[in-house]
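Student: Let me begin by handing over the structure; questions about it come next.
The values are calculated or read from the model by the stated rules, or taken from the named source; none is laboratory data. All figures in this text were calculated on a predicted structure; none of them were measured in a lab. Because the Cβ atoms are built from the backbone with ideal geometry, glycine has one as well, and the counts that use them run over all protein chains shown.
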Amino acid sequence: MTSSTVFLPGSTVGVMGSGQLGRMFAIAARRMGYRIHTFSPERDTPTGQVADVEVCAGYGDEAAVRAFAQGVDVLTFEFENVPVQSVDWAAEHCVVRPSGRVLHVCQHRLREKEFLKAAGLPLPDFAPVDSLDSLRAAVARLGTPSVLKTAAFGYDGKGQRKIMPDSNLGEAWAGFEGQAAVLEAWVPFEREISVLVARSVAGETAVYPVCENVHTHHVLDLTLVPARISPEEARLALQLAERAAVALDLVGLLAVEMFLLADGRILINELAPRPHNSGHFSFDASITSQFEQQLRAVCGLPLGATDLLRPAAMANLLGDVWANGEPDWAAAAALPSVKIHLYGKAEPRPGRKMGHLVALGNSLEEATEQVCEARRRLVRR
Ligand code: AMP
């Protein structure tokens, strides 16, 4: 097998990870006649429920990883924190896309920032932190407010701490328990945006319209597409995402989270080499969903069209929506342009991503109004 091998419908695609991103990927893949195997340490998972085969083993279980890779034609990921060692084992038995090198960069904030900087891409000022002294030096250079983030395993604002002028740095650093970290300059952004870009085996790229993201308590709450930004700002955002995909030599899908500043500058916050929560709108509102696009890219097929069918708004459903009992699904379904997506998770813990809603509208305002109304209707009083 070479790096340009094509996997046609009927092939078996392996997915490392078993959450909702893998679930929607599996749904798209099965629709196109592929078989899906998923690998993770859990059972009865969102992906496993719709896959042909669900393997339950640890990522460090070499025999299990090798056996899994032997049973698939091509392997991909639904989250980037799979150990690179496991990817290397798998790559001895099947094609792996994107490559372990891409995961290695994107699973570590400091490596990712150094990669972006070396590629000449714009990002917030940052400094590596590995001791209290280096934290003091970093705060002296970057000022306050600033944000201290763990280098590894950070997502949805986890492992982050805002540093203010009166912050006790000793206490802040103690909270990181010696984990490598990055201090980031505070960005007074006007909007948070993201761009999904796919890159094929042949090096062809396809970008989706810019998403505008609204976060609550560091977790994505709403995505509005197309983002309410100027055409020049949108052009710049798409160009930066494409440049990041090319610089990574990516084969697959990449989500690029960015901050838009009041003066029109755009800084890259984070890269995720997989489908992304902000791209969920595409399942209902795009000619080709982000999940089908990931499949096309990793299977070596030509990429699909990324046109938006109508303005769209996506609202996440966290476990909090279940606070007063089972949500009123019928009340939300009574809004005919709203789509309900649920991930098959049994326990609706507060803050846990349980599902999402998407509304398509004649205008972005209408779509936003509909999706927010549907979510309001779900909560029992
Ligand atoms: P992250 O986990 O890095 O994506 O951060 C989660 C959220 O925290 C972002 O979506 C922003 O809302 C906020 N945030 C992160 N870094 C910064 C920063 N340097 N300046 C301002 N806000 C930030």
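Student: With (1) out of contact with any Asp or Glu (no Cβ under 9 Å at 6 or more places or on another chain); (2) away from the ligand (no atom under 16 Å from the Cβ); (3) within 30 Å of ARG352 (Cβ to Cβ); (4) among the polar types (S, T, N, Q) as the list, and ASN81 as the residue in question, which single condition is left unmet?
Tutor: Of (1) out of contact with any Asp or Glu (no Cβ under 9 Å at 6 or more places or on another chain); (2) away from the ligand (no atom under 16 Å from the Cβ); (3) within 30 Å of ARG352 (Cβ to Cβ); (4) among the polar types (S, T, N, Q), only one is false for ASN81: (2).
Student: Name the pairs whose Cβ atoms lie under 6 Å apart, with the first residue in region 116-140 and within 25 Å of ASP249 (Cβ to Cβ), the second surrounded by fewer than 16 Cβ atoms within 10 Å (Cβ to Cβ), and 6 or more positions between them or separate chains?
Tutor: Matching pairs, first to second residue: ALA119/ALA247.
Student: Restricting to region 128-142, and then to whatever is over 17 Å from GLY175 (Cβ atoms) and touching a strand residue (DSSP E or B) at 6+ places or on another chain (Cβ under 7 Å), can you tell me which residue is surrounded by the fewest Cβ atoms within 10 Å (Cβ to Cβ)?
Tutor: Per the stated criteria, the residue is ARG141.
Student: I'm trying to understand the selection: among the residues of region 208-267, which are on the phi > 0 side of the Ramachandran plot, surrounded by fewer than 24 Cβ atoms within 10 Å (Cβ to Cβ) and small (Gly, Ala, Ser)?
Tutor: Across region 208-267, the qualifying residue is only GLY264.
Student: Also, quick follow-up: Within region 171-184, which residues are away from the ligand (no atom under 16 Å from the Cβ) and closer than 13 Å to SER134 by Cβ?
Tutor: TRP173, GLY178
Student: Every residue in region 242-259 that is part of a helix (DSSP H, G or I) and either more than 16 Å from ARG97 (Cα to Cα) or within 16 Å of the ligand (Cβ to nearest atom) (or both), please. Quick ask: steps written out before the conclusion?
Tutor: The first filter runs over region 242-259 and keeps only residues part of a helix (DSSP H, G or I), leaving 242-248.
Of everything in region 242-259, those that are part of a helix (DSSP H, G or I) and either more than 16 Å from ARG97 (Cα to Cα) or within 16 Å of the ligand (Cβ to nearest atom) (or both) turn out to be GLU242, ARG243, ALA244.
Student: Condition first: of a type in the set (Lys, Arg) and more than 18 Å from the chain's Cα centre (by Cα). Now tell me which residues in region 153-190 satisfy that.
Tutor: Selection gives ARG161, LYS162.
Student: Return the only residue of GLN85, GLN49 being farther than 26 Å from ALA151 by Cα, surrounded by fewer than 24 Cβ atoms within 10 Å (Cβ to Cβ), of a type outside the set (Gly, Ala, Ser) and not assigned by TED's automatic domain parsing to the domain that holds HIS341.
Tutor: Being farther than 26 Å from ALA151 by Cα, surrounded by fewer than 24 Cβ atoms within 10 Å (Cβ to Cβ), of a type outside the set (Gly, Ala, Ser) and not assigned by TED's automatic domain parsing to the domain that holds HIS341 holds for just one of GLN85, GLN49, which is GLN49.
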